[in-house]
1. Please go through (1) surrounded by fewer than 17 Cβ atoms within 10 Å (Cβ to Cβ); (2) in a helix (DSSP H, G or I); (3) at pLDDT 95 or above for Y181 and return the number of the only condition it doesn't satisfy.
2. Looking at D228, D223, D199, can you tell me which residue is modelled with pLDDT under 90 and assigned by TED's automatic domain parsing to the domain that holds H256?
3. Looking for whichever is touching a residue at least 12 places away in the same chain (Cβ under 8 Å) and in contact with a strand residue (DSSP E or B) (Cβ under 7 Å, 6 or more places away or on another chain) here; the options are A165, A156, A210. Which one fits?
4. Return the residues of the range 111-125 that are more than 22 Å from L217 (Cα to Cα), surrounded by 12 or more Cβ atoms within 10 Å (Cβ to Cβ) and modelled with pLDDT under 90; say none if nothing qualifies.
5. Kindly list the number of the only condition in (1) part of a helix (DSSP H, G or I); (2) closer than 27 Å to W85 by Cβ; (3) in contact with a Phe, Trp or Tyr (Cβ under 7 Å, 6 or more places away or on another chain) that fails for T187.
6. Can you go through W128, W89, W85 and tell me which one is modelled with pLDDT of 85 or more, closer than 17 Å to P224 by Cα, of a type in the set (F, W, Y) and assigned to a helix (DSSP H, G or I)?
Amino acid sequence: MQPKTEEFLNLLLWSAELLIQPTFRNLTDSYESWAYSNGLMRQVALLERQQLLERGTGSQDDRLYRLSAQGRLRVLGGRDPQERWARPWDGQWRLVLFDVPTGKNTERERLRRYLRQKSFGCLQNSVWIQPDPLTEERQVLGGGKINVKSLILLEARPGAGESDAEIVAGAWDFERINRLYSQHLKTLFERPVGVLRSDAAAKALLRWAAAERKAWLAAVTYDPMLPDPILPPGYLGEQAWQQRVAVLRDASRQLHTFHLT
């Protein structure tokens, strides 16, 4: 997806009902005309074809659109933070252990890349861990002939007194995660303020929105969003989310002030 389309999808998320049931429909005549002239409105048909945006239940002439569930997750970075933090945990850790021969470096790196993308924590180069059931991994990693000397999936609890907090600290770099959330919080409070009475002011707000989204995605892409009982002390993810909702709510109100003089 083109960056401009991504930015437009992000705009739809916070320009109306904000992170809950976002819709987009004639915010103001001035804004709609300005958005069209800047190429934003051309993205609607593309997003609808990709099932990231859906038309309202009214007539085909009614310009009422709503982000689909898929579209909302796309803007949030692929996961709903509140759902992730609130998910239950059964106290079991899931591990992927592998020993890929040195002659198969490409396969080894492909496996590590997959595990990183799925937010596994790395205890050692060949020992990866997460708190959630390995439903998808059983299908992806366990297909074909099983060779437990090369790859094995386990469910386990620590057996020598190791705490869950120690496991979390060893598997994920929460210092880096918090630095990314700190940068996002800084970006949040750099929002241009005041009513939008010029093309320059409107574009400044859109530039800020793009920077805010980039900072948010940088943080959540690296964050495993662990269940609340095992989040480490000082974790900034929940604070950043709450501030984001509040700041984007203010930005939405600001967008409604748009009027070119």
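1. (1)
2. On the way: D228 fails: modelled with pLDDT under 90; D223 fails: modelled with pLDDT under 90.
Step by step, each of D228, D223, D199 is checked, and only D199 is modelled with pLDDT under 90 and assigned by TED's automatic domain parsing to the domain that holds H256.
3. Details: A165 fails: in contact with a strand residue (DSSP E or B) (Cβ under 7 Å, 6 or more places away or on another chain); A210 fails: in contact with a strand residue (DSSP E or B) (Cβ under 7 Å, 6 or more places away or on another chain).
So the residue among A165, A156, A210 that is touching a residue at least 12 places away in the same chain (Cβ under 8 Å) and in contact with a strand residue (DSSP E or B) (Cβ under 7 Å, 6 or more places away or on another chain) is A156.
4. Kept after step one, since they are more than 22 Å from L217 (Cα to Cα), are these residues of the range 111-125: 111, 123-125.
With surrounded by 12 or more Cβ atoms within 10 Å (Cβ to Cβ) added as a condition, the list becomes 111, 123.
The answer is L111, and nothing else.
5. The failed condition is (3).
6. Working: W128 fails: assigned to a helix (DSSP H, G or I); W89 fails: assigned to a helix (DSSP H, G or I).
It is W85.
The values are calculated or read from the model by the stated rules, or taken from the named source; none is laboratory data. What you see is a predicted model, and the numbers here were worked out from it, not measured in a lab. Positions of Cβ are backbone-derived with ideal geometry, glycine not excepted, and every protein chain shown enters the neighbour counts.
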